[in-house]
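This report concerns only the one structure given below.
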Amino acid sequence: MNGKIETAFVETDELIVKPAFGRLAASHIGEFLLKRGLRWQRILDVDRVDTVIVQAVISANLAYLPIRSAGLDVSNEQRRATSVLAVSSSMGLSYATVRNRMRSLGERGIMLPRGSGYVVPVNPMICGDPGSLAEQDFAAIQSLLNVMQSQGFQSLPKTSRTASSARVGRAIVEFAVRSLEGFAEQHGSITTGSIWASIIAANVRGLLSGAQLPDGYAQASQPLPDSERRPVSLRKIASEVNLPFETVRRHVATMVKRGSVDVDKRGVIVPARALTTPQQIARSRLNIGYLRRLFDSLDSV
């Protein structure tokens, strides 16, 4: 973990040329992952946990192949099966949960058993059909690059619209999986981490997304004060993460006990104190490092 964090610090130096950009980049990451997760759920007709498992399996299936020559359209024969245990360990999900869900996804043809593991076979909805997930992810990352360039971020690639959406899509899958692994590591649950990130995004949406930043509060050590955060209802969060209200309520109650969220009659916020712990600052920098590597990879695909 410490080695990863140190690498992230080095790799973000060129990306973050103003202290304020650290929190803005983190805000972009949260919004990008939230919207992208909902797209995958809708198109594949699965829930949030299933999308995590599918992407973790894709990542593992293709891990041995260089991204410059292998995208999401790699043939089924070239995909190396991964085990239930491997996915369970990397995503912080129980073995039984992953086993049952992979079996169910297998019955639907989204995943196929092979030997003692599984592969996600070539799927036109993921990569191939017009408007596939790979094409939508490609368009979304281009949009994000344009926004960040307009806000003054430095050394960002200018991805060609003729680049391979299959390879760009794979790079985005890798980025998402690394970020989701961080949710599991930090919160003990991908679901809890996703809800927490969604609350953060809702609290500051519109405040840290414009060209004019509140510089005094945008540094990693000085987030927006609680009085400036916009509380969000549990029902709104449930809608945004596409989870049952009772599931969100239960996870939020756990986070309240930990002190990572505050609730009052107006709604729920992630307080500034939860964003300034050494662990959270390190995690944010690590995620920005993953974003830097994603952008770097776009130059070569």
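Summary of the geometry: the stretch 245-273 and the stretch 84-163, compared by the centres of their Cα atoms, lie 29 Å apart. Applying Stokes-Einstein at 10 °C and 1.306 mPa s to the Kirkwood radius of the stretch 92-150, computed over alpha-carbon pairs, gives a translational diffusion coefficient of 115 µm² s⁻¹.
Applying both filters, DSSP loop and at most 11 other Cβ atoms within 10 Å, to the trypsin sites (Lys or Arg not before Pro) of the stretch 257-288 gives LYS265, ARG266. Looking at GLN55, ALA86, ILE126, which one has the Cα that reaches farthest to the positive end of the dipole of the stretch 47-152 (charges on Cβ: Lys, Arg +1; Asp, Glu -1)? Selected residue: ALA86. Can you work out the FRET efficiency for the pair VAL122 and ARG205, with r the C-beta to C-beta distance and R0 = 41 Å, to the nearest 0.05? That pair, VAL122 with ARG205, gives E of 0.65. Give the calculated FRET efficiency between GLN149 and ASN100 to the nearest 0.05, with a Förster radius of 51 Å applied to their Cβ-Cβ distance. Working from the Cβ atoms, E equals 0.70. Positive contributions from Lys and Arg (+1) and negative ones from Asp and Glu (-1), summed over other residues with Cβ under 14 Å from the Cβ of ALA184, come out at +1.
Provide the FRET efficiency to the nearest 0.05 for the SER69-ALA272 pair, computing r from the beta carbons and using R0 = 51 Å. About 0.65, to the nearest 0.05. Spin-label model, GLN279 to ASP226: label points 7 Å out along the Cα-to-beta-carbon direction sit 2.0 nm apart.
Accessible area ranking (1.4 Å probe, heavy atoms, ligands and nucleic acids excluded), largest first, for SER27, SER116: SER116, SER27.
The values are calculated or read from the model by the stated rules, or taken from the named source; none is laboratory data. Computed from a prediction, not measured in an experiment: that's the story for all the values here. Reconstructed Cβ throughout: ideal geometry from the backbone, glycine too, with neighbour counts over all protein chains shown. Note: accessible area is taken over every heavy atom of the protein model, side chains too, but ligands, DNA and RNA are not part of it. Shrake-Rupley method; radii C 1.70, N 1.55, O 1.52, S 1.80 Å.
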